[in-house]
Amino acid sequence: MPGEDKDTIFLQFGRHTNSYTWATLIGALEARGIFERHALDVVTEPSNMTQACIRSRGGAARNNFFLFSVNSYHLQKILKSIQTVSNFRAENSLEGRMHIIAGGPHANIYPEEILDAGADYVFCKEGEMALVEFFDAFYTWQSGTSSARTGFLPDMVPNCYYRHPGSQKITCTRDADLVNLDDYPPIALNHRMFRPIEITRGCPHGCHFCLTPRIFGYAPRHRSVDNIACWIERAVKVKYKRVWFMAPNSFAYGSKGSKPNPPAIEALLKRVRGINGLDEVYFGTFPSEVRPEFVTEAVMDAVIPHVTNDTFVVGAQSASPAMLKSSHRGHTVEDVWNAVDIITGRGCKVDIDMIFGLPGETPDDEALTIEFMKRVLARPGVRIHGHVFMPLPGTVFEHEAPGIMSPEMLKIIGQYTKAGRVFGQHFLQVKRAIKLSKNGRIS
């Protein structure tokens, strides 16, 4: 329970939100002393936040900050939670005590939609620096003589959208510089919020179905080996026994993004593997993937001796050259086969990410994917992680139709799914895609 004499940050948790976000942001607040400087506490709440939940947790704190991470896939459910908090605030005349803050992928592209739902402040792009500066600015304002006369305006806080009181005008503050990952922790150690260690941010490839470069930039930024090892060593002291890594392309660690840097990968993994008390190291697997053209014999030499996993996740997305070109993937079908050959040749397994129903996909393109699936799944140790194309806001493909699989593809996917060779939420995504095409929104 939050301390009665402390202001409270409420974090929206649950299957509709990305808990990795909170580990990063709370870690940034820890590192900058925000909790001690402003007497703040943190509690977590389910994503379907109810008024009873808000009332029971609100306590006597002078300020309650409700944080939401908004993604397009669960947009309507998250907006409903924001509206619940906003309605409770209005019904109980708590405008001066309850503050709603939102960010996340969808908020980056459509901040007005989040403000309309009841949010007071919407953060775009990277949040570490912005959130630290927000709390410092807020409490500086609240301790001043003007706080009784005007609402807080985050004019000097970067990456923030907000409305002036009594106005529909939306203001966007200055852009913050892209952060140096070493300047902020990858986890929130004091609050025991762990996540896969983010080793790289930014992606140079610009796939047309992906939002990553628009939020985090095209130039890869890597966390240093010393910084990564330092935080894992500290986490191990509180019983953190396994480590995973997060990157747009794990095998691009230490590189500029165009070709792999095996010595940098090996230096990282050797250092991490040598940490006393750490039992397991997972790299090149869930929750990240690797690009097929980055799978080389030299990279596998650098990785295999130091990792626990014997399965690697390769992002193929399509077996049609035309689809790879139109979606700006930057690799070939031959690169995918080469990656499969190299990984399985080492006695390892491979999960291949595929996106069905990409924009412009023809029956001939689908036939190539079906033939690829039949051939590759004839090999032992190979599975396909299936996805159905979703037009995500802010991407080049935003206004394309959602992906729909043909009856033949559905039949084949169903057979392989029953056999355990294809997995994922592709059938649910088909239903969501159909609903999206009718309503114009994922719900």
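Just so it is clear, none of the values below were taken in a lab; they were calculated from the coordinates. These figures come from a predicted structure and were not determined experimentally. Please note: Cβ atoms are built from the backbone with ideal geometry, for glycine as well, and neighbour counts cover all protein chains shown.
Using R0 = 25 Å, the C-beta based FRET efficiency linking THR308 and ARG192 works out to 0.65. Counting every C-alpha pair in segment 164-219, the share spaced more than 14 angstrom apart comes to 71%.
DSSP finds beta bridges in segment 197-439, and of those with both partners inside it, around 10 percent are antiparallel.
Dividing the mean sequence gap of close Cα pairs (under 8 Å, 6+ apart) by how many residues the chain holds gives a relative contact order of 11 percent. Within the straight-line cut-off of under 15 Å between alpha carbons, the aspartates and glutamates reachable from LYS241 are GLU233, ASP279, GLU280, sequence neighbours fewer than 8 places apart in one chain being disregarded.
Compute the length gained on full extension between ASP177 and LYS418: take 0.36 nm times their separation in residues and subtract their Cα-Cα distance, giving the result in nm to one decimal.
Working: separation 241, 0.36 × 241 = 86.76 nm, distance 4.83 nm.
That pair, ASP177 and LYS418, stretches by 81.9 nm at full extension.
Shown here is the pair-distance distribution of segment 197-439: with all Cα-Cα distances grouped in 10 Å bins from zero up to the longest one, the shares run 7, 30, 34, 21, 7, 0 percent. Need the list of lysines near LYS77 for cross-linking: C-alpha distance under 17 angstrom, and skip anything on the same chain fewer than eight residues off. Reachable lysines: LYS431, LYS435.
Between GLN425 and ASP226, residue separation times 0.36 nm minus the direct Cα-Cα distance comes to 67.9 nm. Taken over the chain, the ratio of Cα radius of gyration to 2.2 N^0.38 Å equals 1.04.
Calculate how many DSSP beta bridges within the chain are antiparallel, expressed in % of all such bridges and rounded to the nearest 5. If I count the DSSP bridges inside the chain, around 20 percent turn out antiparallel.
Just to be sure I follow the definition: excluding the sites themselves, where is the longest run in the chain that has none of the GluC sites (Glu not before Pro) in a DSSP loop with at most 15 other Cβ atoms within 10 Å? Here the longest segment lacking exposed loop sites spans 96-397.
Length gained on full extension, GLU91 to THR44: 14.6 nm, using 0.36 nm per residue less the C-alpha separation. Summed over all non-identical Cα pairs, the Kirkwood treatment of segment 274-321 gives a radius of 12.2 Å. Label-to-label distance for SER19 and GLN83 is 2.8 nm, based on points extended 7 Å past Cα in the beta-carbon direction. Distance between the modelled labels on VAL236 and SER167, one decimal in nanometres: 5.4 nm (7 Å Cα→Cβ projection).
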